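Read the structure below first, then the notes.
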Amino acid sequence: MQFGIIDETSKVPNKLTTIEDYKNNYAILINEIRKFGGTPIILSPVNRAEFNQNKQLVPWMGDRALAGQEVSIHHNVHFIDLNKLTGELYQELGPKGVSTVIAEGDKVHYSIEGAEVICKLIAKNLPNYLKYFLEE
């Protein structure tokens, strides 16, 4: 599960959450998933493909990524730091190369090719006991 972008950036005030609300929402979802016998996994929000004048990625959503990690530790849930992984990918690709994964005119959403790249990042970071279910 992943959320956080709308929690912090929505123009609709009742959709915004504090960090504490954000953590509580994760806890509620973890408990509900476990009630149904599921395996909750927290993914931090992705980074935004925005660079400064020195071609360095501008950090984004780090507080939500940290909050998700804290919740995962507290509730013994696997955590995938997609904020860090996408940040490293974008920095490696650079301002021009990032257009191979980000949808045209966007800074957050993916192109079809980019969605595949991000899905592979997630799959690579799943816990080993779930990788059994993946097809190559």
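The values are calculated or read from the model by the stated rules, or taken from the named source; none is laboratory data. Given the structure is predicted, the values throughout are model-derived calculations rather than measurements. Positions of Cβ are generated from backbone atoms using ideal geometry, with glycine treated the same way; all protein chains shown enter the neighbour counts. For accessibility, only protein heavy atoms count, side chains too; no ligands or nucleic acids. Shrake-Rupley method; radii C 1.70, N 1.55, O 1.52, S 1.80 Å.
Kindly provide the set of residues from segment 1-16 that are open to solvent by 30 Å² or more (accessible area, probe 1.4 Å) and either at pLDDT 80 or above or under 14 Å from Met61 (Cα atoms) (or both), ordered by number.
The answer is Met1, Gln2, Phe3, Ile5, Ile6, Glu8, Thr9, Leu16.
When you look at Gln2, is it in contact with a strand residue (DSSP E or B) (Cβ under 7 Å, 6 or more places away or on another chain) and assigned to a helix (DSSP H, G or I), yes or no?
It is false that Gln2 is in contact with a strand residue (DSSP E or B) (Cβ under 7 Å, 6 or more places away or on another chain) and assigned to a helix (DSSP H, G or I).
I'm trying to understand the selection: among the residues of segment 57-89, which are assigned to a helix (DSSP H, G or I) and more than 16 Å from the chain's Cα centre (by Cα)?
Ile73, His74
What residue, among those in segment 70-91 that are open to solvent by less than 40 Å² (accessible area, probe 1.4 Å) and among the polar types (S, T, N, Q), is farthest from Pro59 (Cα to Cα)?
Looking at the filtered set, the residue picked out is Ser72.
If you go through segment 90-127, how many residues are out of contact with any helix residue (DSSP H, G or I) (no Cβ under 8 Å at 6 or more places or on another chain) and either assigned to a loop (DSSP other than H, G, I, E, B) or not charged (D, E, K, R) (or both)?
So the count comes out to 15.
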